[in-house]
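Reviewing the structure listed below.
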Amino acid sequence: MYVGELLKSLDRVPSGVPGLDDIIGGGFLPGRVYLVTGPPGSGKTTIGIQFLVEGAKNGEKGAFISLVENPKIIIQDMLRYNFGLLGYVKSKMITFHDLGSYLLRAEYKMSWTELFNAILKAINEEEIKRVVIDSFTSLEHLVKDSENKRWALGRFIRALQELEVTTIITAEMLQGDSYTDEHYLADGVIVIHHFMRNYQMIRALQVLKMRGVPHDSNLKRIHFTEDGIQVYPEAPF
Ligand SMILES: Nc1ncnc2c1ncn2[C@@H]1O[C@H](COP(=O)(O)OP(=O)(O)O)[C@@H](O)[C@H]1O
Ligand SMILES: [Mg+2]
């Protein structure tokens, strides 16, 4: 490996989430894989779309791999934000890949390796710089050989790094869930929390892990705005 290549890793990939880059030292590291996890409705998909829109704004192509939901519904839900998503979809700066229907249609249970290969095939198109895989929820029921997951996932992450794409994987996390293979293998883990306090829903974000980057792991207040999720520098309460 050349020094130039190592220094390239000092570049940052802006997340597209206002306020987030400030607590992760300027942005994500290029070519790395990040996990965004949290309960249902916490904003994981929204953060994924913000990440792809930020790239598209700067001429970087992005791919959204949907493993569960219908991409049409995701696009519809995102139209109420000022992302200009439709324009990027039309110009193919952001492409949506419906692997969910493929997974559900398959007459046999595929292995993790087969699933990961299908994802790689979808993104193995030139020029893609940003990838979102949404979400790793409940796939255990659709996939066989669950015990091989960690190895298959490790190989998959290696393959993503070789493609030099920066990736966000989302995963549902319910309260009290233990850490999963994704937590151990990802280069960074961002957890979105929501909880009730004085009859009010408090939403917060926490950078649990961020390899190679000095970061602030305290809970930060987040808010849904017309521009998507925004992270504030202060505690949620
Ligand atoms: N203006 C808003 N105020 C509060 N919550 C909102 C607002 N807009 C969207 N949400 C929440 O965002 C959720 C959708 O976010 P999404 O990114 O799809 O979550 P996830 O992917 O984690 O399930 C909605 O279910 C809703 O709870
Ligand atoms: Mg979602």
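Things worth noting here:
- Total residues in the range 86-113, condition within 22 Å of Leu153 (Cβ to Cβ), in a loop (DSSP other than H, G, I, E, B) and open to solvent by 40 Å² or more (accessible area, probe 1.4 Å): 2
- Reported count of residues in the range 202-237, each being open to solvent by 80 Å² or more (accessible area, probe 1.4 Å) and within 20 Å of Leu29 (Cβ to Cβ), is 2.
Residues checked against (1) at pLDDT 95 or above; (2) open to solvent by 70 Å² or more (accessible area, probe 1.4 Å); (3) away from ligand 2 (no atom under 16 Å from the Cβ); (4) on the phi < 0 side of the Ramachandran plot:
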site: Leu163; (1), (2), (3), (4): no, no, yes, yes
site: Ile169; (1), (2), (3), (4): yes, no, no, yes
site: Leu174; (1), (2), (3), (4): no, yes, no, yes
site: Asp181; (1), (2), (3), (4): no, no, yes, yes
site: Phe195; (1), (2), (3), (4): no, no, yes, yes
site: Gln200; (1), (2), (3), (4): no, yes, yes, yes
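- Sub-7 Å Cβ pairs linking a first residue in the range 140-156 that is closer than 9 Å to Thr113 by Cα to a second residue that is in a loop (DSSP other than H, G, I, E, B) and open to solvent by 20 Å² or more (accessible area, probe 1.4 Å), at least 6 apart or interchain, number zero.
- The set of residues in the range 21-56 that are touching a helix residue (DSSP H, G or I) at 6+ places or on another chain (Cβ under 9 Å) and part of a loop (DSSP other than H, G, I, E, B) comprises Gly27, Pro30, Gly31, Arg32.
- Looking across the range 130-139 at every residue that is within 16 Å of Ile119 (Cα to Cα) and modelled with pLDDT under 95, the one that is surrounded by the fewest Cβ atoms within 10 Å (Cβ to Cβ) is identified as Leu139.
- The set of residues in the range 61-95 being closer than 13 Å to Val132 by Cβ, more than 13 Å from ligand 1 (Cβ to nearest atom) and of a type in the set (D, E, K, R) consists of Lys61 alone.
- Qualifying positions in the range 114-129 - open to solvent by 10 Å² or more (accessible area, probe 1.4 Å), under 20 Å from Ala56 (Cβ atoms) and assigned to a helix (DSSP H, G or I): Ala122
- Every residue from the range 57-77 that is open to solvent by less than 10 Å² (accessible area, probe 1.4 Å), over 13 Å from Thr137 (Cβ atoms) and either more than 13 Å from ligand 2 (Cβ to nearest atom) or in a strand (DSSP E or B) (or both): Gly62, Ala63, Phe64, Ile65
The values are calculated or read from the model by the stated rules, or taken from the named source; none is laboratory data. Since the structure is predicted, the reported quantities are computational estimates derived from the model, not experimental observations. For neighbour counting, all protein chains shown are included, and Cβ atoms are generated from backbone atoms with ideal geometry for every residue, glycine included. The area values use the complete protein model at the heavy-atom level, side chains included, leaving out ligands, DNA and RNA. Shrake-Rupley method; radii C 1.70, N 1.55, O 1.52, S 1.80 Å.
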